[in-house]
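Each remark here refers to the structure printed beneath this line.
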Amino acid sequence: MSELIEDSGSARIRTLLKDQIERVWGRGETALVDSNYSADVRDHMPVPGQPTGRDALKDVVEEFRAGIPDLRMDLHATLVAGDMGVDVWTLTGTHGGELFGQPATGQPISISGIDMIRVQDGHVSQLWHVEELALLMSQINQAPVEFGAPVQQPESSSSTDQINAANADRMAHNPGEFAIVPGEAAFSQLEQRNLLTARRHIEEIWAKGRSELCWEMYHPEVVDHNRAPDQKPGIEGIIDVLQWLREAVPDLSMTIECYVIDGDLIADRWVMTGTHTGAPLMGLEARGKSFTINGMDVARVNADGLITEIWHAEEFHQLLQQVR
C-alpha cells in the first residue's frame, strides 16, 4: 500500500497470503488451515467435487501433493487493499502419483494461478481462486491444449448488421458497474490512477473487445506470463487472443466483480458468459452451447501508466466441459 509502514491488518493479510502459497501448499503445512481460516470459510470456486469447510481445503492440498510429490510453489506477487488480498503463483513439479484419477506419468507440470481472499478478524473468511486446470490436465494426459486462431470468414450484409448490433449493445453495457473496490478511500494518487487503468483494461479491452486500446495501454515490450500455446509475444499476441475469442463467441459478455489495487499492481476478478457459435474454440467446433466461467488478472503498471506485465487465469477446464 501507499503507507511507508503497513497497518497490522494489511500485514496480517499479506502473511495469510504468503502462508497459503509458501507453507500450506508449498510445504504441506495443512495444520495452518485451522489457524489461518475461519471455521466457516467459504470457498467460492471449489475444485470439482470438493465439499465445504477447512477439512476440504486440507484434503485438496494433500491430494495435489500426493499426485505431485515434488510440488513447488513460487509466489510472484501479493496485493492488499482494505480487507482483501490477492496472490499470483506458479506450481511446478512432476506427476509422480495419481491426480484427478490419472495414474502417475512422470511428466513435468507447470501451471499458474491467482487467489483472492477476504479477511475477517484475522482469518480468511472467503476465498476465490482460478488455476490453469486445463493446462494441468493436458500435461498429465500428454495432450496439447488448443485455444484458437483468428479466422476471417466472409460475411453477408445481414450478418454484418447483426455483428454491428451486438457491438453496439456491448459498448453500451457497463461491465464494472457493481464491482467492489476494497480500501478505495485510502488510495494514494498513484493507486487512484491505477484503478482507472485497471477499469479501462478489463472493461474496455476485454469486456468490450476494443483491441485498438492495446497499443495505448500496454508497454511495447509487455510480458504476458500466461500466453496461450503458439501465442505471439507482446501486444500483437494479445490482440490475436482477443480476436479469436470474439470470433468463437460473438455474444461474449463479462461482468467485473472486484478490483484490488496495491501500489503499482492491479488485480481484477470477473465472470464471462457466452455461446460458442462461431470459429473453433480450444480445438472444438461450435455446437451452440453456452458457458459461464470465472477469471482473474494481475498486472503491473509503470510510472507512465502502461501495463508492463500481466498474469491471468481462466476456468478453461470448465469452459471445455460446458461447450462439448
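The values are calculated or read from the model by the stated rules, or taken from the named source; none is laboratory data. Just so it is clear, the model here is predicted, and its values are computed rather than measured. Glycine also receives a Cβ, built like all others from the backbone with ideal geometry; neighbour counts cover every protein chain displayed. Remember, those area values only see protein heavy atoms, side chains included, never the ligands or the DNA or RNA. Shrake-Rupley method; radii C 1.70, N 1.55, O 1.52, S 1.80 Å.
Give the residues of region 291-305 that are of a type in the set (V, I, T) and either open to solvent by less than 10 Å² (accessible area, probe 1.4 Å) or touching a residue at least 40 places away in the same chain (Cβ under 8 Å) (or both), sorted by residue number. Don't jump to the end; show me each part of the working.
We begin by selecting, within region 291-305, every residue of a type in the set (V, I, T); these are 292-293, 298, 301.
Result: I293, V298, V301.
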inquiry  = List the residue pairs whose Cβ atoms are under 8 Å apart, where the first residue sits in region 237-258 and is more than 30 Å from M84 (Cα to Cα), the second is assigned to a helix (DSSP H, G or I), and the two are 6 or more positions apart or on different chains.
reply    = I239/S211; I239/C214; Q243/S211; P250/I163; P250/A166; D251/A166
message = Within region 200-278, considering only strands (runs of 3 or more DSSP E) that don't extend past its boundaries, which have at least 1 residues that are of a type in the set (S, T, Y) and open to solvent by 10 Å² or more (accessible area, probe 1.4 Å)?
response = 253-262, 265-276
task = Kindly indicate whether D70 is in a loop (DSSP other than H, G, I, E, B) and surrounded by fewer than 17 Cβ atoms within 10 Å (Cβ to Cβ).
result = yes
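Taking region 1-31 on its own, how many of its residues are outside any helix (DSSP H, G or I), among the hydrophobic types (A, V, I, L, M, F, W, C) and modelled with pLDDT of 95 or more? Please lay out each step first, then the result.
Of all residues in region 1-31, those outside any helix (DSSP H, G or I) come to 1-7, 26-31.
The next check asks that each one be among the hydrophobic types (A, V, I, L, M, F, W, C); those that pass are 1, 4-5, 31.
Restricting the remaining residues to those that are modelled with pLDDT of 95 or more gives 31.
Going through region 1-31 one residue at a time, the tally reaches 1.
For every residue, the table says whether it meets (1) more than 30 Å from D264 (Cβ to Cβ); (2) modelled with pLDDT of 95 or more; (3) in a strand (DSSP E or B).
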{"position": "G49", "(1), (2), (3)": "yes, no, no"}
{"position": "D55", "(1), (2), (3)": "yes, no, no"}
{"position": "D59", "(1), (2), (3)": "yes, no, no"}
{"position": "E62", "(1), (2), (3)": "yes, yes, no"}
{"position": "L75", "(1), (2), (3)": "no, yes, yes"}
{"position": "G106", "(1), (2), (3)": "yes, yes, no"}
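Mind telling me which of the residues G97, G93, G113, G85 ends up being of a type outside the set (F, W, Y) and either outside any strand (DSSP E or B) or open to solvent by 20 Å² or more (accessible area, probe 1.4 Å) (or both)? Lay out the reasoning, then the answer.
Details: G93 fails: either outside any strand (DSSP E or B) or open to solvent by 20 Å² or more (accessible area, probe 1.4 Å) (or both); G113 fails: either outside any strand (DSSP E or B) or open to solvent by 20 Å² or more (accessible area, probe 1.4 Å) (or both); G85 fails: either outside any strand (DSSP E or B) or open to solvent by 20 Å² or more (accessible area, probe 1.4 Å) (or both).
Matching residue, one of G97, G93, G113, G85: G97.
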ask   = Is it true that some residue in region 179-195 is in contact (Cβ under 8 Å) with a residue 40 or more places away in the chain, surrounded by 19 or more Cβ atoms within 10 Å (Cβ to Cβ) and in a helix (DSSP H, G or I)?
value = yes
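Out of D34, D40, I need the residue that is loosely packed, with under 14 Cβ neighbours inside 10 Å, assigned to a strand (DSSP E or B) and not hydrophobic (A, V, I, L, M, F, W, C). Which one?
Values: D34 fails: assigned to a strand (DSSP E or B).
That would be D40, the only listed residue that is loosely packed, with under 14 Cβ neighbours inside 10 Å, assigned to a strand (DSSP E or B) and not hydrophobic (A, V, I, L, M, F, W, C).
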